[in-house]
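I have placed the structure first, in the form of structure tokens, so that the comments after it can refer back to it.
The values are calculated or read from the model by the stated rules, or taken from the named source; none is laboratory data. Here the structure is a predicted model, which is why all the values come from computation and not from measurement. We place every Cβ from the backbone using ideal geometry, glycine too, and count neighbours over all the protein chains shown. With ligands, DNA and RNA removed, areas are computed over all heavy atoms of the protein, side chains included. Shrake-Rupley method; radii C 1.70, N 1.55, O 1.52, S 1.80 Å.
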Amino acid sequence: FLPLPWTVSMPCEILPADSQGVYAKMSGLLEKFPTDEKSKVNAGSDVIRMENPLLRWEERKTMLEIAFLHMELDQMKSDEKRRPEIQMELKKLESEEGKLSELRRRNDQLTVSASFNGVFQLNDIHLKSGKWLREGESIGELFMPPGQLARAFVDEANVSKLKPGDRVSVILNGTLGSYRGKIISVDSA
């Protein structure tokens, strides 16, 4: 009535149950990041924060342009001769407000937040604040330590015996203990 246990030897890799690569989404100066080896990080908190002076300067310049356009519009409304120019000025204002929105969106990308509670590990322990990072540059990895995932590669003869939900014990070469768990999914490809 119960399936008998059997042993299958297969290559596998042990991974954290949940992980998130942390990289620079935009180019900028690194300001804040966890400096301790394997720092604990809470979901929603900032893992890294960067600053891009050129983006900040462009944002301030655009905000001044918007303030200037608002003053221009106020003057045009009170000057009978300049009223025909209002539509053109409104288009300029709309364009500058769109530009400001985009600059703020890009500035928001300078901060990377944790999507779950976990441990952050730096790729380079010599990383310092003030370093210029290029877009896409890897900084470290956030992972969830208590749960582990084993990704195994099974031969054709045994893959049909495995079903999601089956209980398993994984014993790694060179270790005495085993890891108990269950099969999450089976991909027959």
Exercise. Given the conditions (1) assigned to a loop (DSSP other than H, G, I, E, B); (2) among the small types (Gly, Ala, Ser); (3) surrounded by 12 or more Cβ atoms within 10 Å (Cβ to Cβ), and given that ALA150 satisfies all but one, which numbered condition is not satisfied?
Worked result: (1)
Problem set entry | One residue from LEU176, LEU172 being within 18 Å of ILE14 (Cβ to Cβ), open to solvent by 100 Å² or more (accessible area, probe 1.4 Å), assigned to a loop (DSSP other than H, G, I, E, B) and at pLDDT below 80 | LEU176
For this session: Those residues that are open to solvent by 20 Å² or more (accessible area, probe 1.4 Å) and more than 13 Å from SER115 (Cα to Cα), I need them from the stretch 41-57; list them, please.
Result: ARG49, GLU51, PRO53, LEU54, ARG56, TRP57
For this session: Output the number of the condition that SER138 fails; it satisfies all remaining conditions of (1) modelled with pLDDT under 80; (2) open to solvent by 50 Å² or more (accessible area, probe 1.4 Å).
Result: (1)
Problem set entry | Residues of the stretch 44-83 satisfying the condition of being in contact with a helix residue (DSSP H, G or I) (Cβ under 7 Å, 6 or more places away or on another chain) and among the acidic types (Asp, Glu) | GLU58, GLU59, GLU65, GLU72
Exercise. Looking at ALA43, ALA67, which one is among the aliphatic types (A, V, I, L, M), outside any helix (DSSP H, G or I) and either at pLDDT 90 or above or touching a Phe, Trp or Tyr at 6+ places or on another chain (Cβ under 9 Å) (or both)?
Worked result: ALA43
Exercise. Conditions: (1) farther than 19 Å from PHE116 by Cβ; (2) among the aliphatic types (A, V, I, L, M); (3) open to solvent by 40 Å² or more (accessible area, probe 1.4 Å). LEU73 meets all but one. Number of the miss?
Worked result: (3)
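When you look at VAL112, is it β-branched (Val, Ile, Thr) and either part of a loop (DSSP other than H, G, I, E, B) or on the phi > 0 side of the Ramachandran plot (or both), yes or no?
So VAL112 fails the test.
Would you mind finding the one in LEU110, LEU100 that is of a type outside the set (S, T, N, Q) and within 17 Å of GLU137 (Cα to Cα)? Explain how you work it out, then say what you get.
Working: LEU100 fails: within 17 Å of GLU137 (Cα to Cα).
After applying the criteria, what remains is LEU110.
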